[in-house]
Amino acid sequence: YHINRLVAEEDIVVAYCTVTGTHSSGDWLNVPPHGGKLHFDAVDIFRIKDGKISEHWDVADRLTLFSQLGVVQKIEPLK
């Protein structure tokens, strides 16, 4: 989990991150581990109240993740 950009305003903190890992143990989404490296971008949004995280939302590039797992095939956009 590498933070590429961190922005805070009032009670909101936004983190744009790159998540990396290795699919090395256990099935995930019915996909057996293949030992390959995985990496995808994500944005996490936190609301802070009384110094603690009170709410959390996230958006992740699941198309890239699922294509790396072999669950979907990523196609090139039309030109």
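The values are calculated or read from the model by the stated rules, or taken from the named source; none is laboratory data. What you see is a predicted model; the values in this text were computed from it and never measured. Here Cβ is always computed from backbone atoms with ideal geometry, including for glycine, and neighbour counts include all displayed protein chains. Heads up: the accessible areas ignore ligands, DNA and RNA and are worked out on the full protein's heavy atoms, side chains in. Shrake-Rupley method; radii C 1.70, N 1.55, O 1.52, S 1.80 Å.
Split the accessible area of the chain by element, probe 1.4 Å, and carbon with sulfur accounts for 56%.
A Förster distance of 22 Å, applied to the separation of the beta-carbon atoms of Ala8 and Asp61, puts the FRET efficiency at 0.45.
To the nearest 10, the accessible area of Glu76 is 150 Å² with a 1.4 Å probe. Highest average first, the peptides 15-26, 49-60 ordered by how many other beta carbon atoms sit within 10 Å of their residues are 15-26, 49-60. Counting only lysines at least 8 places from Lys74 when in the same chain, those with an alpha carbon closer than 22 Å to its own are Lys37.
For the chain, the Cβ-based charge dipole about the Cα centre amounts to some 320 debye (Lys, Arg positive; Asp, Glu negative; other atoms uncharged). Estimated purely from DSSP H runs of n ≥ 4, each contributing -39500 (n - 2.57), the mean residue ellipticity at 222 nm for the chain is -2500 deg cm²/dmol once divided by its residues. For the chain, the calculated P(r), taken from all Cα-Cα distances in 10 Å bins from zero up to the bin holding the longest distance, is 17, 36, 28, 17, 2 percent.
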